[in-house]
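The structure appears below as structure tokens.
The values are calculated or read from the model by the stated rules, or taken from the named source; none is laboratory data. Being a predicted model, the structure only gives us computed values, none of them experimental. Every residue, glycine among them, receives a Cβ derived from its backbone with ideal geometry; neighbour counts consider all protein chains shown.
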């Protein structure tokens with residue numbers, strides 16, 4: 001009896017995970033864990049979320065002084081409701097003095113996540129965590 005209940009619950013979670021392609025992800029915060037400064041001056045750092053075309057900015061974050069310690073968590077404005085499994089997104093780090101500093105691509109297709117996300121994404125220049133939940 002108990003085995004049947006566990007099996008049914010597991011089956012339900014599996015079905016929910018497989019349906020995430022149709023669900024909308026709410027991107028609430030982005031945490032900057034590390035970036036590779038290349039002799040940059042003190043400046044205000046911020047992040048941009050872009051469509052996969054690397055041109056269309058769909059959200060930005062607040063600004064944070066580069067001389068302060070990391071990690072730092074940024075609120076996303078406006079709060080994004082993304083079809084996360086439908087396409088890729090790019091997150092770019094910018095400085096108000098130097099401009100573009102690095103980027104990471106968010107590609108969720110290899111993953112099936114049921115619960116709220118705290119997922120790390122990185123590149124050579126940048127390491128971030130995206131945080132949010134499903135609707």
### Summary
Of (1) within 18 Å of residue 105 (Cβ to Cβ); (2) at pLDDT 65 or above, residue 86 satisfies every one except (2)
### Message
Filter the stretch 108-126 down to the residues that are modelled with pLDDT of 75 or more, within 20 Å of residue 51 (Cβ to Cβ) and not in a strand (DSSP E or B) and list them by number.
### Response
123
### Message
If residue 52 satisfies all but one of (1) at pLDDT below 90; (2) touching a strand residue (DSSP E or B) at 6+ places or on another chain (Cβ under 8 Å); (3) under 20 Å from residue 127 (Cβ atoms), what's the number of the condition it fails?
### Response
(3)
